[in-house]
Amino acid sequence: MKTLALRGKKVLAPVLGRYFPEFEIKSGRGCYLYGTDNKKYLDFSSGIAACSTGHAHPKVVAAAQKQTGKLIHICIGVANYAPYIELAESLAKIVPIIDAQFFFCQSGAEAVEAALKLAKYATKKPGIIALRGAFHGRTLGALSVTTSKMKYRDGYEPLLPEVYIAGPELDDIEKLCREKNIAAIIFEPIIGEGGYLVQSEELVKGLRRLCDQYGVLLIADEIQTGFGRTGKWFAVEHFGIKPDIICLAKGIASGFPLGGIAAAAELMAKWSPGSHGTTYGGNPVCCAASLATIEVIKKANLVSKAKQLGFYLIKKLHQLQQQFPAIKDVRGLGLMIGVDFQDSAMVKRIVNYCLAHGLVIIPTGAEGTVVRFIPPLIVTKEQINQALKIFTAALTHA
């Protein structure tokens with residue numbers, strides 16, 4: 001019988017990059033994946049930080065199944081339905097924006113597109129500032145503010161005009177705000193695909209100050225950092241600032257395709273009806289899964305748990321750094337941790353060894369030199385220790 005990889009090679013576009021081209025699974029449960037070879041894998045990738053409550057969490061599954069039997073799709077543009085409204089009401093209680101309103105879509109890239117469109121439309125200004133090394137998505141607008149890997153842009157230029165890529169120097173960003181017609185600054189509180197680099201408090205607070213000074217909107221891309229991943233509901237809370245727009249996705253619905261943006265009602269009111277839209281965004285089943293996800297995170301106190309276990313994991317990784325000088329840096333917040341080797345070949349050997357021994361971890365960084373630890377928020381200390389044991393063996397063999 002042909003393997004999934006061989007079958008897929010004939011019918012799937014080769015454009016999609018893959019961490020493990022031959023890796024095949026048939027199911028997932030909790031923090032584990034189960035291969036077609038019946039092998040059990042501890043998953044510290046979480047579907048790239050999406051499966052916040054693990055794989056097939058019973059409460060998320062039950063909510064989705066129940067909603068599927070009632071209403072799968074109608075489109076919010078055709079009729080109101082409870083899960084969409086209830087999710088917005090639930091999120092309004094946890095996002096760091098006063099009097100928040102929401103627009104739902106299907107992915108992180110779409111959330112970024114919506115945020116850029118809202119900013120340009122509301123301010124009537126064309127310019128966007130993005131920080132160098134950020135990843136915001138691969139659709140053309142989102143790609144225009146993405147520079148984590150320049151190959152993402154190859155073959156697609158010219159992209160969105162009047163996009164200015166800046167370093168972390170506030171003086172340079174202020175000059176752009178002063179000299180250009182800037183609608184918004186978009187940033188990641190932790191640079192994700194660019195290497196899991198935590199932004200400095202000085203920079204983040206400085207961005208807020210500049211936006212207030214020059215009438216610019218501040219967009220926080222919380223697609224990978226949101227929903228408890230960093231030990232706060234949203235990573236900007238670590239810096240004590242409130243953005244004007246927040247981009248949401250990944251952990252919002254435990255792997256169901258859902259994204260969205262949040263902004264104050266006063267700002268949303270400047271977005272004229274019909275100036276943006278979606279057919280599938282805020283799908284009833286995805287919204288039901290998101291509501292269940294938020295409930296699980298709250299009841300199991302997973303935000304606080306991510307903070308505590310993150311401290312533990314970082315401590316253990318720092319200990320490994322003393323033992324293995326190949327580790328150049330350990331950084332992150334909560335359960336969003338990067339281990340930087342500054343050596344892509346070594347990282348490839350490490351992640352392949354881990355996979356062969358039952359641990360799924362994936363790289364990040366512009367050159368793939370960072371191993372990221374992003375387990376489901378339901379992970380236990382025992383599972384972290386299990387992952388560390390395999391990771392230590394990988395370091396020994398690398």
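Bear in mind these aren't lab numbers, they're just calculated from the coordinates by the rules spelled out. Every value quoted in this text rests on a predicted model; they were computed, and no experiment measured them.
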Calculated over region 212-357: convex hull of Cα atoms, volume per residue (Å³): 192 Å³
Distance between region 257-321 and region 8-81 - C-alpha centres, whole angstrom: 17 Å
Kirkwood-type radius of region 214-283, with distances r between different C-alpha atoms, in Å: 13.5 Å
All aspartates and glutamates inside 16 Å of Lys316 as judged from Cα atoms, apart from same-chain residues fewer than 8 positions distant: Asp329, Asp340, Glu382
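Assuming 0.692 mPa s and 37 °C, estimate D for region 20-154 with Stokes-Einstein, Rh taken as the Kirkwood radius over Cα pairs, in µm²/s.
On the way: Rh = 18.6 Å.
Estimated via Stokes-Einstein, D reaches 177 µm²/s.
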Partners for Lys205 among aspartates and glutamates (Cα-Cα distance below 18 Å; same-chain residues under 8 apart left out): Glu169, Asp171, Asp172, Glu174, Glu188, Asp221, Glu222, Glu237, Asp244
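Longer than 22 Å from Cα to Cα, which of Lys315/Lys389; Lys232/Lys298; Lys93/Lys250; Lys124/Lys149; Lys66/Lys305; Lys125/Lys175 are they? Say none if no pair is. Walk me through the numbers before you get to the answer.
Values: Lys315/Lys389 14 Å; Lys232/Lys298 12 Å; Lys93/Lys250 19 Å; Lys124/Lys149 30 Å; Lys66/Lys305 29 Å; Lys125/Lys175 16 Å.
Correct reply: Lys124/Lys149; Lys66/Lys305.
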For region 141-148, Karplus couplings with θ = phi - 60° (6.51, -1.76, 1.60), whole Hz, Gly/Pro x: x, 5, 5, 5, 10, 9, 9, 4
Computed over the chain: relative contact order in percent, which uses C-alpha pairs under 8 Å that are six or more apart: 23 percent
Rounded to 5, the percent of DSSP beta bridges in the chain classed as antiparallel: 65 percent
Cross-link reach list, aspartates and glutamates versus Lys9, counting only Cα pairs under 18 Å and skipping chain neighbours closer than eight places: Glu22, Glu24
Share of alpha-carbon pairs per 10 Å distance bin for region 1-52, given as whole %: 21, 48, 30, 1
Choice from Tyr81, Tyr19, Tyr353 showing the highest fluctuation, given a GNM over the chain with Cα pairs closer than 10 Å: Tyr19
Cα principal axis extents for the chain, largest first, Å: 56, 53, 44
